[in-house]
Amino acid sequence: MAAKTYSESNLSKAWLNSRHEALTRSKAKNNSKGSYDNIRRNSVYLANEFQFLNVNSPKEITKENFSEWIDGLRQGKFPCMTLGEGTIKKRVETLRAILQANKLEEQLDFVQLWKPTKQAKNIKFWSVEEIEAMNEVALKTFENEKLRGRAVVHLLQSMMAPRIADSASFKWEFINFEERLIRFPASKNKKICSQYIEERFVPLFMRYKEWVSQFKGGEIYLFPSSIMQKSGTTKKFIPHASVKTLGLWLKYIRDLTVVDGKPVQHLSSHSYRHTLAMRYLTVGNKFENVAMILGDDIATIEKHYAELVPNDAQRLAFEKAFAQSTLISSEGTAQPVWLKRKRGSNSLLTMPRSRPFGGANFRGEVDVGGFEPPASSLQTKHSSN
């Protein structure tokens, strides 16, 4: 809706010039394409919004109309409808970039003080059962040559969950079949993403490479445009699939999948990234393991998932702070009834862990259960007593 309502042609000369300065500065800083595109797009939106408030230049922004702008975004007073705090944060970041590029220190002082309202995280993901059921659908779909791209893009997302724009332009040079390894630079931040290929999928990917190489560009891209059906609406030629096409392909696999007679959750393609992160973290892996696959900073992974998946360090901290919580009655044992004894030990073996495979229930919620130590460790402990 915003794209139809907001227009660069509506901007005042002052807003156009300040926007140009921000984009020029972004290029000079060698910002990523994603950061540059955020400024390019959001600067049109916010400039239109300020003009709705009769602010026709960044120099005219005051504390009062800055606050009015924020309230308007939250309350849906602009054509963009109501925005969430995350989207508003991106608008403000773009405004800061404009103010910095145009050296408007007075406005920058109070804009930099703004912080988004903290909201509860709403991270949605598929359970292991759901994603495995989707894998089965993909394997069956692969046998239909016309639908092979759908199967392969799902399996790629299932294994390492690239951002969908990276999947669209994915190249064969990123895949090393001998080492069973995939490595590629994320377009958003140029970080190297690394992940192993599941052995069961190696033969399928090799078959797909042999098949798709028959098409123009198939020796370079996993999803060359030559295997796409012609829609007649293409504005410009690109050698590989579009983000829109891959989104539809992923929905195709999702919508064919059921678990225990129920359809899997209707989540977006970005949920593959959440699903992979939760799959790793709920079985005790570290944030750095997930960061290496997804191409995000460790701090970013921790920020998004630490509240959802308490780690071993948090468990140990709890046991130290609440030492009495580990004491239980000796009634029914050979020890005196009045004697309090520890419930097991503080070893990581006796800590509550996620289920060994996946740790998520059907609707994609973290399911933390007990972990029973091996019998050998129990025997050793008893003999030592």
Of the residues in region 151-184, those that are within 19 Å of Gln214 (Cβ to Cβ) and not basic (Lys, Arg) number 8
Flag if Lys244 is within 29 Å of Ile39 (Cβ to Cβ) and either outside any strand (DSSP E or B) or not hydroxyl-bearing (Ser, Thr, Tyr) (or both): yes
Output for Cβ contacts, cut-off 6 Å, separation at least six or different chains, first residue over 23 Å from Gly247 (Cα atoms) in region 166-187, second assigned to a loop (DSSP other than H, G, I, E, B), reads Arg180/Ile197
Checked Val259, Val264 against criteria (modelled with pLDDT of 90 or more, in contact with an Asp or Glu (Cβ under 8 Å, 6 or more places away or on another chain) and either buried (at least 20 other Cβ atoms within 10 Å of the Cβ) or not assigned by TED's automatic domain parsing to the domain that holds Ala168 (or both)); the one match is Val264
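Results for (1) buried (at least 19 other Cβ atoms within 10 Å of the Cβ); (2) among the polar types (S, T, N, Q), shown as yes or no for each residue.
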| residue | (1), (2) |
| --- | --- |
| Ala168 | yes, no |
| Leu181 | no, no |
| Ser187 | no, yes |
| Glu199 | no, no |
| Met206 | no, no |
| Ile220 | no, no |
For this session: Report whether or not Ser158 is in the same structural domain as Leu204 (by TED's automatic domain parsing) and of a type in the set (Gly, Ala, Ser).
Result: yes
- prompt: If you check Val111 against the conditions, is it within 18 Å of Phe205 (Cβ to Cβ), in contact with a Leu (Cβ under 7 Å, 6 or more places away or on another chain), in contact (Cβ under 8 Å) with a residue 40 or more places away in the chain and of a type outside the set (Phe, Trp, Tyr)?
  reply: no
Of the listed residues (Leu104, Leu95), the one being within 27 Å of the chain's Cα centre (by Cα), under 13 Å from Lys59 (Cα atoms) and modelled with pLDDT of 95 or more is Leu95
Within region 1-50, of all residues that are assigned to a helix (DSSP H, G or I) and of a type in the set (Phe, Trp, Tyr), the one surrounded by the most Cβ atoms within 10 Å (Cβ to Cβ) is Phe50
Practice prompt. Test Asn122 against the criterion of being without any contact (Cβ under 8 Å) to a residue 40 or more places away in the chain, within 30 Å of Thr87 (Cβ to Cβ) and part of a loop (DSSP other than H, G, I, E, B), and give yes or no.
Written response: yes
When every residue in region 67-86 that is free of Cβ contacts under 8 Å to residues at least 12 places away in the same chain and under 26 Å from the mean Cα position of the chain (by Cα) is compared, the one surrounded by the fewest Cβ atoms within 10 Å (Cβ to Cβ) is Thr82
Problem set entry | Thr233 being modelled with pLDDT of 95 or more and either under 27 Å from Ser268 (Cβ atoms) or assigned by TED's automatic domain parsing to the domain that holds Glu288 (or both) | no
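The values are calculated or read from the model by the stated rules, or taken from the named source; none is laboratory data. Please read these numbers as outputs of a predicted model, since none were measured by experiment. Every residue, glycine among them, receives a Cβ derived from its backbone with ideal geometry; neighbour counts consider all protein chains shown.
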